[in-house]
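A.B. asks: I'd like to ask some things about the structure below.
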Amino acid sequence: MSGLSALPRPVPGPPGAGSPGGGSPGSPAPGAPPQAVPGRRESVVTATGIFAFSLLFRVWAAAIVSFPRPEDTAYYVGVARNLVTGRGLVSDAIWSYGTPPLEFPRPAFEVWLPLPSFLSSLPMALFGPTFGAAQWSSVIVGAVVAALAWRLAADVAADLDLPPFRARSLAIGAGLTAGVYLPLVLHSALPDSTMPFAALSLAAGLLMARIVRDPAGARPTDRRVLVLGLVLGLAALTRNEAAWLALAWAVAAFGASRGWRDWTRLVGGTAAVAFLVFAPWAARDWLTFGSPFPGQALANALSLDGRDIFAYAEPPTLERYLGAGVGTLVGQRVTALLHNLLDVLVVPGIPISLFGLAGLGSMLRLVAVRPLVIAAVITFGVTTLVFPVATTWGTYLHAAGAVGVLLVIGALLALDRLLEVIGGFRGWNRPVAWLAPTLTVAAGLLISLVLLLGFGADGRRTAAKYAALETVLASAGERLGPDHPPVITDFPIWLAEETGVRALALPDESPASAAALAGRFGATLLIVDADNGGRWPEILDAGDPEAACFHPLTLGTVVDPTAAELLRAVLVYRIECR
């Protein structure tokens, strides 16, 4: 696949040079004519085909996933809707109390970053401010990720010096498998930060590897260096983990420099462009929130429970954190390690992810993936060790898209080697390198088709739940909407986006804390899901005098059995403190 890049590549050896034995199952049959090196036209056609295939599959997935789950997806979509409709970068939900000003409408992105909402706003401006319109942004970016997976796999094939047939099989197989790989497909149907950050991470990794591979042409004014700065700047507008991408470049740049002075100029050129891209947003944050840096980072690092992100009167402190004891702190990191490894990387992508882990070792020495591997290791380590609680609520999940692509390529390499061993044992003499991608694409299709249907059904149930809640509250004289007083709830973003009411996150704290929050904002209702796993509503029976402020509201009989089941655990209280 060396012809897939205009940059110099290793000169391919004879058939089979990339692996032991020239007669491997992926090699041309003995005596076969040399295979042509693909040219630019073939590369364009291949990339376009992979993009189109991935796009069509993601369009189907987006049609199945019709509700923004989890809540952060609803947040990005809601801010994009407000932007398109002229309200600006605001939200009707306050889910974090650590960064002032605390007011309605809430200035958006005190913690998260805006690029996903900017991307969603483009199709919304064309097709209307709906979730379905917003999905086009992630669908298209997700298809780009599949095409980038093909390109990265082609570079891996060149580094491994695979013969052309096996190289094509690896590269095209990686693109097609990424097109149906569940973790990548699911988040392509959800317009949040996952797919934009994956695309930018892959693009940055490809650029870094090319600069490292061609150090003679690497200068601060090199177009690739400037483009890398642009990519890192956009990544910084997408997720805070862009800092680890930048650190990976600082490490990888040693291979493209001739001493500290050259390294400083090289990294500085990239940093200058990235700063210019990010500076306007940093200025906006400084003017709006009083700091150019994302809020609550330290508080998230000191969390002992995921619900600490909703803290109001009792924010996390270093004293409380250290007082938890060594056993608790070590246990957090063990839980985070297992979550990041199993819940994020392995389980959603089974069986491809298992083969991917087996094949990763064969790629670690390759220039093509070295920057991405460095960034992946740093991100995994920081989220596990520094933010062990926050990562169980999605921190690493949304930053791991590029790692999913590495797993896909690793799976194909592992299967290719397995087939090589089987072929040598059974005496195969015809190329079967196509079999590995056939297996991974088939497995990815099967898993995605089955599990996406279940995910979509769960989303429709959540939407129906809020519709039913809005109906029964209206029958009780509480018509939710922009004119209704604020509501305290454990799912503030969903409630705000589904009903238009101003919503406040319920702190997992005492009734006195919730009553103080209600008094500050004039909230008159508390809506809590008894299955949320927190201390509410049971804490109302713990003897706190302020519990008397919360009076159960009778919602009446729900005739529809489906609606009754959906609202089974939902409790509503009127807030009246005397």
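The values are calculated or read from the model by the stated rules, or taken from the named source; none is laboratory data. Keep in mind it's a predicted model, so treat the numbers as computed, not measured. With ideal geometry, Cβ positions are generated from the backbone for all residues, glycine too; neighbour counts draw on all protein chains shown.
A.B. asks: From the set of residues in the stretch 372-389 that are in contact with a Phe, Trp or Tyr (Cβ under 6 Å, 6 or more places away or on another chain) and surrounded by 21 or more Cβ atoms within 10 Å (Cβ to Cβ), which is farthest from Val212 (Cα to Cα)? Give the derivation first.
C.D. replies: Step one: list which residues in the stretch 372-389 are in contact with a Phe, Trp or Tyr (Cβ under 6 Å, 6 or more places away or on another chain), which gives 375, 378-379, 383.
Checking the rest, the ones that are also surrounded by 21 or more Cβ atoms within 10 Å (Cβ to Cβ) come to 375, 379, 383.
Working: Ala375: 15, Thr379: 21, Thr383: 27 Å.
The qualifying residue farthest from Val212 (Cα to Cα) is Thr383.
A.B. asks: Tell me which residues, restricted to the stretch 144-199, are part of a loop (DSSP other than H, G, I, E, B) and either touching a Lys or Arg at 6+ places or on another chain (Cβ under 8 Å) or of a type in the set (S, T, N, Q) (or both). Don't jump to the end; show me each part of the working.
C.D. replies: Let us first name the residues in the stretch 144-199 that are part of a loop (DSSP other than H, G, I, E, B), namely 161-163, 181, 189-193.
Across the stretch 144-199, the qualifying residues are Ala189, Leu190, Ser193.
A.B. asks: Give Leu152, Leu122, Leu126, Leu115 a once-over and let me know the one that is hydrophobic (A, V, I, L, M, F, W, C), within 16 Å of the chain's Cα centre (by Cα) and farther than 22 Å from Gly481 by Cα.
C.D. replies: Details: Leu152 fails: within 16 Å of the chain's Cα centre (by Cα); Leu122 fails: within 16 Å of the chain's Cα centre (by Cα); Leu126 fails: within 16 Å of the chain's Cα centre (by Cα).
Going through Leu152, Leu122, Leu126, Leu115 in turn, just one is hydrophobic (A, V, I, L, M, F, W, C), within 16 Å of the chain's Cα centre (by Cα) and farther than 22 Å from Gly481 by Cα: Leu115.
A.B. asks: Another question, then. Being buried (at least 24 other Cβ atoms within 10 Å of the Cβ) and either within 18 Å of Leu245 (Cβ to Cβ) or of a type outside the set (Ser, Thr, Tyr) (or both) narrows it down to one residue among Leu126, Leu119, Leu200, Leu160; which is it? It would help to see each step written out before you state the result.
C.D. replies: On the way: Leu126 fails: buried (at least 24 other Cβ atoms within 10 Å of the Cβ); Leu119 fails: buried (at least 24 other Cβ atoms within 10 Å of the Cβ); Leu160 fails: buried (at least 24 other Cβ atoms within 10 Å of the Cβ).
Step by step, each of Leu126, Leu119, Leu200, Leu160 is checked, and only Leu200 is buried (at least 24 other Cβ atoms within 10 Å of the Cβ) and either within 18 Å of Leu245 (Cβ to Cβ) or of a type outside the set (Ser, Thr, Tyr) (or both).
A.B. asks: Looking at (1) assigned to a loop (DSSP other than H, G, I, E, B); (2) surrounded by fewer than 23 Cβ atoms within 10 Å (Cβ to Cβ), find the lone condition where Arg520 falls short.
C.D. replies: (1) is the only condition that Arg520 fails.
A.B. asks: Separate question: Taking the stated definitions as given, is Pro15 assigned to a loop (DSSP other than H, G, I, E, B), surrounded by 15 or more Cβ atoms within 10 Å (Cβ to Cβ) and either modelled with pLDDT under 95 or not assigned by TED's automatic domain parsing to the domain that holds Met363 (or both)? Can you show your working first?
C.D. replies: On the way: assigned to a loop (DSSP other than H, G, I, E, B): yes; surrounded by 15 or more Cβ atoms within 10 Å (Cβ to Cβ): yes; either modelled with pLDDT under 95 or not assigned by TED's automatic domain parsing to the domain that holds Met363 (or both): yes.
So Pro15 passes the test.
A.B. asks: Of the residues in the stretch 456-484, how many are crowded, with 18+ Cβ neighbours inside 10 Å, without any contact (Cβ under 8 Å) to a residue 40 or more places away in the chain and in a helix (DSSP H, G or I)?
C.D. replies: Qualifying residue count, the stretch 456-484: 2.
A.B. asks: Are there helices (runs of 4 or more DSSP H) fully within the stretch 314-361 with at least 1 residues that are among the aromatic types (Phe, Trp, Tyr) and without any contact (Cβ under 8 Å) to a residue 24 or more places away in the chain? List them. Step through it out loud before you land on a result.
C.D. replies: Details: elements: 318-323, 326-338, 352-360.
Qualifying helices (runs of 4 or more DSSP H): 318-323.
A.B. asks: Here's a check for you: in the stretch 277-336, which residue that is within 26 Å of Leu89 (Cα to Cα) and among the polar types (S, T, N, Q) is modelled with the lowest pLDDT?
C.D. replies: In this case the residue turns out to be Gln296.
A.B. asks: Got a sec? Which of Ala368, Ala402 is at pLDDT 95 or above and surrounded by 23 or more Cβ atoms within 10 Å (Cβ to Cβ)?
C.D. replies: Ala402
A.B. asks: Inspect all residues belonging to the stretch 481-497 and state whether any of them is farther than 24 Å from Phe67 by Cα and small (Gly, Ala, Ser).
C.D. replies: Checking the stretch 481-497: not a single residue is farther than 24 Å from Phe67 by Cα and small (Gly, Ala, Ser).
A.B. asks: Just checking, does the stretch 203-211 include any residue being assigned by TED's automatic domain parsing to the domain that holds Ser121, within 19 Å of Pro116 (Cα to Cα) and either among the β-branched types (Val, Ile, Thr) or not in a loop (DSSP other than H, G, I, E, B) (or both)?
C.D. replies: Restricting attention to the stretch 203-211, the residues satisfying the condition of being assigned by TED's automatic domain parsing to the domain that holds Ser121 are 203-211.
From what is left, the residues that are within 19 Å of Pro116 (Cα to Cα) are 203-204.
Right, trim to either among the β-branched types (Val, Ile, Thr) or not in a loop (DSSP other than H, G, I, E, B) (or both) and you get 203-204.
Yes.
A.B. asks: Quick check on my filter: what residues within the stretch 433-442 are farther than 14 Å from Leu418 by Cβ and in contact (Cβ under 8 Å) with a residue 24 or more places away in the chain? Explain how you work it out, then say what you get.
C.D. replies: At the first step, the residues of the stretch 433-442 found to be farther than 14 Å from Leu418 by Cβ are 434, 441-442.
Residues satisfying the conditions are Trp434, Val441.
A.B. asks: Residues of the stretch 306-334 being surrounded by 15 or more Cβ atoms within 10 Å (Cβ to Cβ) and acidic (Asp, Glu), which ones?
C.D. replies: Result: Asp308, single match.
A.B. asks: Pairs please, first residue from the stretch 370-387 and of a type in the set (Lys, Arg), second anywhere and not in a loop (DSSP other than H, G, I, E, B), Cβ atoms under 7 Å, 6+ apart in sequence or on different chains.
C.D. replies: Listed by first residue and then by second, the contacts come to Arg370/Ala209; Arg370/Ala252.
A.B. asks: Considering only the stretch 89-99, how many residues are in contact with a helix residue (DSSP H, G or I) (Cβ under 7 Å, 6 or more places away or on another chain) and not in a strand (DSSP E or B)?
C.D. replies: Matching residues across the stretch 89-99 total 6.
A.B. asks: Being in contact (Cβ under 8 Å) with a residue 60 or more places away in the chain and not in a loop (DSSP other than H, G, I, E, B) is the filter here, so list the residues in the stretch 63-79 that pass it. Before you say what the answer is, go through the steps one by one.
C.D. replies: Kept after step one, since they are in contact (Cβ under 8 Å) with a residue 60 or more places away in the chain, are these residues of the stretch 63-79: 64-78.
Result: Ile64, Glu71, Asp72, Thr73, Ala74, Tyr75, Tyr76, Val77, Gly78.
A.B. asks: Sticking with this structure for a sec: When you look at Leu495, is it assigned to a strand (DSSP E or B), hydrophobic (A, V, I, L, M, F, W, C), touching a residue at least 12 places away in the same chain (Cβ under 8 Å) and surrounded by 23 or more Cβ atoms within 10 Å (Cβ to Cβ), yes or no?
C.D. replies: Working: assigned to a strand (DSSP E or B): no; hydrophobic (A, V, I, L, M, F, W, C): yes; touching a residue at least 12 places away in the same chain (Cβ under 8 Å): yes; surrounded by 23 or more Cβ atoms within 10 Å (Cβ to Cβ): yes.
For Leu495, the condition - assigned to a strand (DSSP E or B), hydrophobic (A, V, I, L, M, F, W, C), touching a residue at least 12 places away in the same chain (Cβ under 8 Å) and surrounded by 23 or more Cβ atoms within 10 Å (Cβ to Cβ) - is not met.
A.B. asks: If you go through the stretch 228-271, how many residues are surrounded by fewer than 17 Cβ atoms within 10 Å (Cβ to Cβ), outside any helix (DSSP H, G or I) and basic (Lys, Arg)?
C.D. replies: Residues meeting the conditions: 1.
A.B. asks: Among the residues of the stretch 232-258, what is the count of those that are among the charged types (D, E, K, R) and within 25 Å of Ala390 (Cβ to Cβ)? Explain how you work it out, then say what you get.
C.D. replies: First pass over the stretch 232-258, keeping only residues among the charged types (D, E, K, R): 239, 241, 258.
Within this subset, residues satisfying the condition of being within 25 Å of Ala390 (Cβ to Cβ) are 239, 241.
Residues in the stretch 232-258 being among the charged types (D, E, K, R) and within 25 Å of Ala390 (Cβ to Cβ): 2 in total.
A.B. asks: If Leu170 satisfies all but one of (1) surrounded by fewer than 23 Cβ atoms within 10 Å (Cβ to Cβ); (2) over 22 Å from Ser121 (Cα atoms), what's the number of the condition it fails?
C.D. replies: Failing condition for Leu170: (1).
A.B. asks: Consider only pairs whose beta carbons are under 6 Å apart and that are at least six residues apart or on different chains; among these, list those whose first residue lies in the stretch 140-159 and is in the same structural domain as Phe53 (by TED's automatic domain parsing) and farther than 22 Å from Pro196 by Cα and whose second residue is aliphatic (A, V, I, L, M) and in a helix (DSSP H, G or I).
C.D. replies: Val156/Ile409; Ala157/Ala167; Ala157/Leu170; Ala157/Ala171
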